[in-house]
1. Among the residues of region A:184-192, are any touching a residue at least 24 places away in the same chain (Cβ under 8 Å), away from every other protein chain (no Cβ under 14 Å), open to solvent by less than 70 Å² (accessible area, probe 1.4 Å) and not in a helix (DSSP H, G or I)?
2. What number of residues within region A:142-160 satisfy the criterion of being open to solvent by 70 Å² or more (accessible area, probe 1.4 Å) and modelled with pLDDT of 80 or more?
3. What helices (runs of 4 or more DSSP H), lying completely within region A:10-89, carry at least 1 residues that are at pLDDT 85 or above and either within 20 Å of the chain's Cα centre (by Cα) or not assigned by TED's automatic domain parsing to the domain that holds A:V173 (or both)?
4. B:A334 fails exactly one of the following numbered conditions: (1) open to solvent by less than 10 Å² (accessible area, probe 1.4 Å); (2) more than 14 Å from chain A (Cβ to nearest Cβ); (3) more than 15 Å from the chain's Cα centre (by Cα); (4) under 22 Å from B:A25 (Cα atoms). What is the number of that condition?
5. Condition test on B:E315, is it within 14 Å of another protein chain (Cβ to nearest Cβ), over 27 Å from B:E220 (Cβ atoms), open to solvent by 40 Å² or more (accessible area, probe 1.4 Å) and in contact (Cβ under 8 Å) with a residue 12 or more places away in the chain?
6. Applying the selection to region B:276-299, what residues are within 14 Å of chain A (Cβ to nearest Cβ) and open to solvent by 20 Å² or more (accessible area, probe 1.4 Å)?
7. Looking at (1) of a type in the set (S, T, N, Q); (2) within 25 Å of B:T319 (Cα to Cα); (3) open to solvent by less than 10 Å² (accessible area, probe 1.4 Å); (4) not in a loop (DSSP other than H, G, I, E, B), find the lone condition where B:T231 falls short.
8. For the structure I just gave you, tell me whether A:A104 is in contact with a helix residue (DSSP H, G or I) (Cβ under 8 Å, 6 or more places away or on another chain), under 30 Å from A:R196 (Cα atoms) and of a type outside the set (D, E).
Amino acid sequence: MNSWKHFRAVAFGLAAILVAAQVKADGAIGEHVNNMKAHLDDYSEEVSWMIGKIDEMVDTYAESGVEAAQPDNVVEYWEAVDFHSAIETNYIPLYASIWQGLFAVKGAIEEEQPVEQVRAVKSDLDAVLWQSLGAVKVAAEYQARGMLPPVANTEAANPVETVDIIKRELHRVVAKYAEKLSDDAIEIVQQTYLTRFEGIEGDLISLDAALVEDLEIDFNVKLPKAIQDEKSIDEVREVVELMQSKLDRCRSLLADAEANRSDVF
Amino acid sequence: MRRRAFIQGMAAAGGLAFLPSLRAATSVDELPPLEGDLTLYLGRGEGGLYENVLKAIETRNPKLKLGVRRGPTAALANAIVAEGKAGVQRADVFWAVDSGAVGLISDAGIARPLPSDVAAQLQLAFRYDNWTPVTGRIRTLPYHTGRLSAEQIPEDIMAFPDSGLTLGWSPAYASFQSFITAMRLLEGDAATKDWLQRVKRSGKSYAGELGVVMAVERGEVDVGFANHYYTLRLKAGKPDANVALAYTRNDAGCLVNASAAVAVSDKPLATNFIRYLLTEQVQSYLAREAYEIPLVEGVAPPGALPRMSAINPPEIDLTALADLRPTLDLMRDADVL
């Protein structure tokens, strides 16, 4: 039985224990992500379940107020579903948007905003969840055709692949920030710079030194500062998106340089 | 285990640590073919250039079955030590971007001795008995050519705070911290802390060492502290850039650090694989494409660097640079981190 089904089946007092077990497993990605097509029905059911649970929460808020609604549970619902890692491993920008939506609902209830406003925020979250389910369905189809590599700890074997990894890591930064895990987000920025970007900047300097310097400032100053200053998720995302476009330029420069490289022997 | 195969007389001579070439480097054509299974732990380094070397070696040796585990250099060094303690041996060779990491393996007694002919290929100052430097990088002083000539740059790194020059630095940068570690080992903690505090008063801080070099080129500062390749690469992309390199003499200011290879298993294949990294072809490739400094005798450095015999790096055991903690503590104590 899936953990979210456990969650649905037991009394709410027990739910915290189950969720704790799920949270412990956070980061350990289940094998289901390497066979998503077989789990699409489960994912669909999970999304419907989540939307229903949060609907109930909003209804409870409307009828009985904040305390009865228990808005903290939005995070626990999300961490209880396998769909969580399916979208996390396939489309991290939407994963970040889900977290943003979850905290928007939680925040709207905690701030005791009018019910109509809470429902509007909830409606945005529903849209992102359905959009994410669609993205996972597309990814599952590609995976079934053998067009997606297995999910694993990947290591780049050339500078172009390194750029792709850097771009993925930057999406994770937004996701972690949206999860309210600022320290984790900054750690990813620092590690990505030290263990990824520094490895390719040597090549890039002779190709476009100003671009490299610009990205160094983004990695070391602008992005960490936006996180430390607790800017909105959209503002942090804006910094990342600008970096992504610069990294696209890096990718193109590095691909051209690699094509013109001399032989070793 | 950090024994260094110095010729004592050469160590005393200091300034003669880099000699003009005495012999030709080994050609890949002289080496035996590589055959069999070999597991390489590869620290992330110069983009895909190390990967290109591996691909070339595999193409040349179709009977070699090379397995590569990639990761951050320090993490792989820790993995090798942990595997050694557990009695498991997965790696045959470790190619690290930073020689400090091999100190960890050497200290743990896991590094296998290399045949003397391997060390004999290296320049005298870079001969070790159980690991080998592969290519080097040197600490330099990029200066603004519109304002200064090389003669106006102090030859003593400790003289910079009082030089009247405006200085650029990047204290958070890993290479800078290795340089400070070398300064600590050579000059002592008190003198190093004093240097840091005095440079901080007049220095301008940048996010990275490319930022330092770019700031020098723009004229924001007179001189910077940076590894050599930033300037060489900038000059490759912008030949008229207003920056050139100066060097101190026999102190941490011209420290040569190195990438390194170490055999972790007794397979002759492991040693022969390392021999390929020291060939004229691989050394030239890394000099040409990555601006790294060949440490094998008889291979020319990247074109824009002076002759090696004109540079006087300090005598220091590179594996001693592995422990950064005292350096970071000192830098925090000096309020520069």
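1. First, the residues of region A:184-192 that are touching a residue at least 24 places away in the same chain (Cβ under 8 Å): A:185-186, A:189-190, A:192.
Cutting the leftovers down to away from every other protein chain (no Cβ under 14 Å) gives us A:185.
Of the ones still in play, those that are also open to solvent by less than 70 Å² (accessible area, probe 1.4 Å) are A:185.
Keeping just the survivors that are not in a helix (DSSP H, G or I) gives none.
No, the conditions are met nowhere in region A:184-192.
2. 1
3. Answer list for region A:10-89: A:40-64, A:66-69, A:73-79, A:83-88.
4. Going through the list (1) open to solvent by less than 10 Å² (accessible area, probe 1.4 Å); (2) more than 14 Å from chain A (Cβ to nearest Cβ); (3) more than 15 Å from the chain's Cα centre (by Cα); (4) under 22 Å from B:A25 (Cα atoms), B:A334 breaks only (4).
5. Details: within 14 Å of another protein chain (Cβ to nearest Cβ): no; over 27 Å from B:E220 (Cβ atoms): yes; open to solvent by 40 Å² or more (accessible area, probe 1.4 Å): yes; in contact (Cβ under 8 Å) with a residue 12 or more places away in the chain: yes.
The answer is no for B:E315.
6. Pass one, region B:276-299, residues within 14 Å of chain A (Cβ to nearest Cβ): B:276-294, B:299.
Listed by number, the residues that qualify are B:E280, B:Q281, B:S284, B:R288, B:E289, B:Y291.
7. (2)
8. Numbers: in contact with a helix residue (DSSP H, G or I) (Cβ under 8 Å, 6 or more places away or on another chain): yes; under 30 Å from A:R196 (Cα atoms): no; of a type outside the set (D, E): yes.
In short, no.
The values are calculated or read from the model by the stated rules, or taken from the named source; none is laboratory data. For clarity, every value in this text was computed on a predicted model and none was experimentally measured. All Cβ positions, glycine included, derive from the backbone under ideal geometry; neighbour counts span all protein chains shown. Heavy atoms of the whole protein, side chains included, go into the accessibility calculation; ligands, DNA and RNA do not. Shrake-Rupley method; radii C 1.70, N 1.55, O 1.52, S 1.80 Å.
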